[in-house]
Amino acid sequence: MRLLLVGPPGAGKGTQAQFLAAHYSIPHISTGDIFRANLKAGTELGNQAKSFMDRGELVPDSVTNDMVKDRLTHDDVANGFLLDGYPRNIDQADFLKNVLEKAGTPLDAALEFKLENAEIIARLSGRRVCRGCGENSHIIFNPSKVAGVCDACGGELYHRKDDDAEVIAHRLDVYAEQTEPIIDYYRSAGLLRTISAIGEVSEIAARAIAALK
Ligand code: AP5
Ligand code: MG
Ligand code: ZN
């Protein structure tokens, strides 16, 4: 299964990706997670991405495309992959198409998550992310057993800087202007599957699997 998830910030891509990656036994490749891991490790890539991420802007394609191309050469993508948060504009979608065509491994599906802005804001403003393993939780919708401590690894939970109200608003604009056009791109290619991202996490997962059959 070669799959990508597309949807606005806070749609639950990362939450569902963990489940779908396990279901299909494929690696979860989140460009946002890779940038945050690099930021934490203090790499050059992390430094390049930081100011864009903090402002809710896209990291330049020159940085992002090469990073993804490199990731797609790892051994673990032999059975497929799940891209989360990439591509995010038409140029990235074209770039990916080229890389996959050259490798003879075309995409199977683009799964679109749909939900309205009020729900997005509620999800992002209460989100907490683990410093250790990157897992997402939510102070109301999906709370950890002990406040501030990750259920999965015991790591410290933090509030992402780009989950502040002004940055969320800007990320929504960036999504509408730059990312939404890729939905028609994948629709035209016959690869788009759309599901509602509203409801319980398990319900949405079942919807996703059904849409991908
Ligand atoms: P990225 O990390 O990809 O952020 P995003 O796309 O804005 O998406 P999020 O991670 O915010 O949301 P999500 O859909 O994963 O939702 P989640 O599962 O966490 O990108 C960050 C930045 O990196 C970008 O702004 C950009 O700067 C840069 N970047 C990344 N990729 C790039 C690219 N390709 N090109 C250029 N720049 C790039 O869920 C959200 C919350 O809701 C959580 O708290 C969760 O617990 C809760 N939740 C989940 N499901 C439910 C549910 N069903 N009901 C209630 N709550 C739920
Ligand atoms: Mg995410
Ligand atoms: Zn953790």
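Each value in this text was obtained by applying a stated rule to the coordinates, not by laboratory testing. It should be emphasised that the depicted structure is a prediction, and the values quoted were computed from it without experimental measurement. Glycine also receives a Cβ, built like all others from the backbone with ideal geometry; neighbour counts cover every protein chain displayed.
Only one residue of ALA118, LEU157, ASN79 has its Cα farthest out toward the positive end of the dipole of region 68-168, where Lys and Arg carry +1 and Asp and Glu -1 on Cβ, and that residue is LEU157.
With an a/c value under 1.5 for the gyration tensor axes a ≥ b ≥ c computed over the alpha-carbon atoms, region 9-117 is described as rounded. Mean shadow of the chain, computed from the convex hull of its alpha carbons, in nm²? With the hull built on Cα positions only, its mean projection is 11.1 nm².
Rounded to the nearest 500, the 222 nm mean residue ellipticity of the chain from helices alone is -14000 deg cm²/dmol, with -39,500 (n - 2.57) taken per DSSP H run of at least 4 residues.
Each residue of region 177-189 was assigned a 3J(HN,Hα) from its phi angle through the Karplus expression (A = 6.51, B = -1.76, C = 1.60, θ = phi - 60°), giving 7, 9, 8, 3, x, 6, 5, 5, 4, 6, 5, 4, 7 Hz with x at Gly and Pro. Legend: ranking of residues VAL174, VAL6 from fewest to most surrounding C-beta atoms inside 10 Å; resulting order VAL174, VAL6.
Taking each residue as 0.36 nm, the span from LYS114 to ALA147 lengthens on full extension beyond its C-alpha to C-alpha distance by 8.9 nm. Note on ALA189 and ASN47: the model spin-label points, each 7 Å out from Cα along the C-beta direction, lie 3.5 nm apart.
Scanning the chain for GluC sites (Glu not before Pro) in DSSP loops with at most 12 neighbouring Cβ atoms within 10 Å leaves 1-115 as the longest stretch between them.
Between ALA122 and GLU180, full extension at 0.36 nm per residue minus the direct alpha carbon distance yields a gain of 18.8 nm. By the beta-carbon count within 10 Å of each Cβ, the least crowded to most crowded order of ASP70, ASP76, fewest first, is ASP70, ASP76.
For region 1-96, the relative contact order works out to 46 percent when only alpha carbon pairs closer than 8 Å and six or more residues apart are counted. When a/c is below 1.5 the answer is rounded, else prolate if a/b is larger than b/c, else oblate, so apply that to region 54-132 with a ≥ b ≥ c taken from the square roots of the Cα gyration tensor eigenvalues. Here region 54-132 falls in the prolate category. Counting Cα-Cα pairs of region 115-198 in 10 Å increments starting at 0 gives whole-percent bin shares of 16, 36, 30, 16, 2. Under a Gaussian network description of the chain, with springs only between Cα atoms under 10 Å, the residue in ASP33, ASP163, ASP151 that fluctuates furthest is ASP151.
The distance separating the Cα centre of region 1-60 from that of region 133-158 comes to 18 Å. Charge dipole (Cα centre; +1 on Lys/Arg Cβ, -1 on Asp/Glu Cβ; no other charges) of region 1-150 amounts to roughly 520 debye. Using the average count of surrounding beta-carbon atoms within 10 Å as a protection proxy, the listed peptides 78-86, 91-99 rank, highest first, as 78-86, 91-99. Taken one residue at a time, the phi angles of region 133-150 give Karplus couplings (6.51, -1.76, 1.60, θ = phi - 60°) of 10, x, 5, 9, 9, 9, 4, 10, 6, 7, x, 6, 4, 10, 4, x, 10, 5 Hz. Gly and Pro are set to x. Ranked for footprinting exposure by Cβ neighbours inside 10 Å, fewest first, LYS213, LYS102 give LYS213, LYS102.
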